[in-house]
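The values are calculated or read from the model by the stated rules, or taken from the named source; none is laboratory data. Note that the coordinates shown come from a computational prediction; the quantities given were computed from them, not determined experimentally. Backbone-built Cβ (ideal geometry, glycine too); neighbour counts: all protein chains shown. Only protein heavy atoms, including side chains, enter the accessible area calculation; ligands, DNA and RNA are left aside. Shrake-Rupley method; radii C 1.70, N 1.55, O 1.52, S 1.80 Å.
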Amino acid sequence: MIPYRAIQEVPMRMSQLFGQTLREAPADVEVESHRLLVRSGCIRQLGAGIFSYLPLGWRVVGKIQTVIRQEMERIGAQELLMPVVNTADIWKDSGRWDVIGPELTRFKDRQERDLVLAMTHEEAVSDLVRQEIRSYRQLPRLIYHLQTKWRDDPRPRAGLIRVREFIMKDSYSLDRDDAGLDLQYDRHYQAYHRVFSRCGLDALAVKSDVGMMGGKVAHEFMYLTPIGEDTIMICASCGFRANRQVAAFGRDEPDVRADAPAFDIEEVSTPDTTSIEDLTKLLGVPASRTAKAVFMVGQVNDAEAKLVFAVIRGDLEVNETKLANAAGVRALRPAQPEEITAVGAVPGYASPVGIDGVSVIADVSISTTPNLIAGANRQGYHLRNVNHGRDFTASVVTDIAAAQDGSPCPECGSPLAARRGVELGNIFKLGTRYSDSMGCFFLDEDGERKPVIMGSYGIGVGRLLASIAEEHNDKDGLLWPVTVAPYTVHLVVINGAENEAERLYLELERAGIDTLYDDRDERPGVKFKDADLIGIPIRITVSPRTIEQRAVETKLRHEPDRGSVAMDQAVEWARSTIALLEQPLGERANASPARAD
RNA sequence: CGGGAUGUAGCCUAGUGGCUAAGGCGCCUGCUUUGGGAGCAGGAGAUCGCGCGUUCGAGUCGCGCCAUCCCGACCA
């Protein structure tokens, strides 16, 4: 038998590295992080939203995961691993089998049993909890794992920012009461702040929609960048911030006082005037004096859909998330003209006046603004002086309007700014959403059977990596923060200094410093270009020239100038430089985060 | 799912119905060179996304399909 021995005794010589750098990125790459991650040999694409991590990129993933594990352990979390393939049973138990559409991939095994690819793990964790947790003595608990998820997203984009297969850290808190949940939620809030800070990113916590997760309170941690696909409303003066999907906002004073007398309704001829814009031109009134009818169709469940008739003042836009929540439906889509006429409304001239048998959801602006101009439900005619409560009554009056750039802050009234962001992580107070449906109960001290109070907390690892790359780069390549860099030192040897470089490489390794050693038979220019592209924070060059001085050349990736250190001081210099680079990231993590409550 | 774009060697590109599909990068061999993606010589590498059609002749035109990207719809 041949005894096992490592083919290679040390971690990485570039001559052995799997994966090449590319001088040019593939043509279909659009965003900078994607371009640089591909060019530097960190990732390769297999299909839409499906990527491989090459050794260099996988090391970054490993470093990020280490940071996450440390911060999760700091708040008392225990790591475990739940399967990617779930039985359909548990998804039927939770009810999400019927609620979630094609984004959840379903398949059958050879016995024709239904299975799903897990897109998140509330069901799996609840199945564990209902087996394991029996007594209040077993609470609280906090468990997490780092696991692959699959979501058949209709539109992956921007490299690793939005993908279909991805690695996620998800943790689940288990408590006997709301106070326990609040505490664990709060700890996650702090832990997430620390994770992102240590990775070199500022993440802004914003109030968010609970979406398909169910539950009550939720925050998202956003990295602000123009390539982000979420819109966040931010108030510069009081610190209010929320995802646009849920952002409330202050309402302007209506042009007419709410208690102004209601005039008699009258019909006015408005041929070929089917938009608010046309209407304001024809009648010479501002959009804020008009009522706009919006027809959507919402899925109640897989089988059932219903028409949602929304009314909002003409100067405002409907926020579909708010509307879906108000209507108690998911997946809104614009209604077809036939679906509108079916309830007696006339597309282009629609209004709730005179419509029966369909529930109307009105924005608060409708009830606070008197004498509006609305459709007459008759081709070519509108109505003047329509008043909510007199001429029609909505079944629901609530906030369904979308905050816009410049809308007043709901807290202080200053203008809100709309910014784009990438959602790096989120935290949800689930409450008993899954405990109730899946039977996670425990016996409390008082002998009563109670549902476990749960929370769910996620971080997208690949998206975090991409965001770091997006934030930290220059024209020459990546600039990894030292905490997540694939290696901390990039050792370059110039022809003729092999013996000295080799010796330094072994010393660095022995000192426990992650070193990428460029021992390739390449010209110096090639090696320096690759070093810049790969973006390891510390570069040490050994050449015949430096050997003459009994020294090595030093260069930090984020600084333009090169320095020099005595050969026998090189390891110590590297060690202290790493500490120096880590310091500001640690300080940021220790600073307390600004809260968005 | 709607709109748009693209698909030629590992990557970037040329090829505008007509001879053996062209160039650069990268790769292999040799020489030369050695501090910011060198030079010379030689070489390997392509079912031009797939299928059907039009044509004497298709990388090029038509239809269908597939794939990828962008915008929208959608989305923890």
**Request:** Evaluate the following for A:ARG550: is it surrounded by fewer than 23 Cβ atoms within 10 Å (Cβ to Cβ) and at negative phi?
**Result:** no
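Yes/no per residue for (1) touching a His at 6+ places or on another chain (Cβ under 9 Å); (2) open to solvent by 10 Å² or more (accessible area, probe 1.4 Å); (3) part of a strand (DSSP E or B):
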{"site": "A:ASN377", "(1), (2), (3)": "no, yes, yes"}
{"site": "A:LEU383", "(1), (2), (3)": "no, yes, yes"}
{"site": "A:ASP405", "(1), (2), (3)": "no, yes, no"}
{"site": "A:PRO410", "(1), (2), (3)": "no, yes, no"}
{"site": "A:ALA417", "(1), (2), (3)": "no, yes, yes"}
{"site": "A:VAL422", "(1), (2), (3)": "no, no, yes"}
{"site": "A:ILE427", "(1), (2), (3)": "yes, no, yes"}
{"site": "A:TYR434", "(1), (2), (3)": "no, no, no"}
{"site": "A:SER437", "(1), (2), (3)": "no, yes, no"}
**Prompt:** Using beta carbons and a limit of 6 Å, which pairs, at least six apart or on different chains, have the first residue in region A:520-539 and within 9 Å of RNA strand B (Cβ to nearest atom) and the second one of a type in the set (Asp, Glu)?
**Reply:** A:LYS527/A:ASP518; A:ASP532/A:ASP476
**Asked** Do we find a residue being among the β-branched types (Val, Ile, Thr), within 16 Å of RNA strand B (Cβ to nearest atom), part of a loop (DSSP other than H, G, I, E, B) and over 30 Å from A:ALA205 (Cβ atoms) anywhere in region A:545-555?
**Response** no
**Request:** Would you check which residues across region A:345-376 are in contact with a Pro (Cβ under 9 Å, 6 or more places away or on another chain) and among the polar types (S, T, N, Q) and list them?
**Result:** A:SER365, A:THR368, A:THR369, A:ASN371
**Request:** Please work out which one of (1) open to solvent by 40 Å² or more (accessible area, probe 1.4 Å); (2) assigned to a helix (DSSP H, G or I); (3) away from RNA strand B (no atom under 11 Å from the Cβ) is the condition A:ILE468 fails and give its number.
**Result:** (1)
**Message:** One residue is enough: does region A:31-43 have a residue meeting the conditions open to solvent by 70 Å² or more (accessible area, probe 1.4 Å) and over 30 Å from A:GLY298 (Cβ atoms)?
**Reply:** yes
**Asked** Out of (1) in the same structural domain as A:LEU174 (by TED's automatic domain parsing); (2) under 22 Å from the mean Cα position of the chain (by Cα); (3) surrounded by fewer than 16 Cβ atoms within 10 Å (Cβ to Cβ), the odd one out for A:GLY76 is which?
**Response** (2)
**Asked** Looking at region A:389-403, which of its residues are open to solvent by 30 Å² or more (accessible area, probe 1.4 Å) and either part of a loop (DSSP other than H, G, I, E, B) or at pLDDT below 75 (or both)?
**Response** A:GLY389, A:ARG390, A:ASP391, A:THR393, A:SER395, A:ASP399
**Prompt:** From A:ILE427, A:ILE400, which residue is of a type outside the set (Ser, Thr, Tyr) and closer than 30 Å to A:ILE43 by Cα?
**Reply:** A:ILE427
**Unique match (being assigned to a loop (DSSP other than H, G, I, E, B), in contact (Cβ under 8 Å) with a residue 40 or more places away in the chain, of a type in the set (Phe, Trp, Tyr) and on the phi < 0 side of the Ramachandran plot) among A:TYR505, A:TYR487** = A:TYR487
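Check whether at least one residue in region A:372-383 is within 36 Å of the chain's Cα centre (by Cα) and either hydrophobic (A, V, I, L, M, F, W, C) or more than 16 Å from RNA strand B (Cβ to nearest atom) (or both), and report yes or no.
No.
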**Asked** Do you know which residues across region A:440-458 are open to solvent by less than 30 Å² (accessible area, probe 1.4 Å) and either more than 16 Å from RNA strand B (Cβ to nearest atom) or of a type in the set (Phe, Trp, Tyr) (or both)?
**Response** A:CYS440, A:PHE442, A:ASP444, A:VAL452, A:ILE453, A:TYR457
**Message:** So A:GLU132 passes all but one of these: (1) more than 8 Å from RNA strand B (Cβ to nearest atom); (2) touching a residue at least 60 places away in the same chain (Cβ under 8 Å). Which condition number does it fail?
**Reply:** (2)
**Message:** Against the conditions (1) outside the structural domain of A:SER288 (by TED's automatic domain parsing); (2) within 16 Å of RNA strand B (Cβ to nearest atom); (3) without any contact (Cβ under 8 Å) to a residue 40 or more places away in the chain, where does A:ALA403 fall short? Just the number, please.
**Reply:** (3)
**Asked** Out of region A:482-508, which residues are more than 12 Å from RNA strand B (Cβ to nearest atom) and either in contact with an Asp or Glu (Cβ under 9 Å, 6 or more places away or on another chain) or within 12 Å of A:ARG539 (Cα to Cα) (or both)?
**Response** A:VAL482, A:THR483, A:ALA485, A:PRO486, A:TYR487, A:THR488, A:VAL489, A:LEU491, A:GLU502, A:TYR505, A:LEU508
**Message:** Can you tell me which condition A:LEU323 does not meet? The list is (1) in contact with a helix residue (DSSP H, G or I) (Cβ under 9 Å, 6 or more places away or on another chain); (2) hydrophobic (A, V, I, L, M, F, W, C); (3) modelled with pLDDT of 70 or more, and all the others hold.
**Reply:** (1)
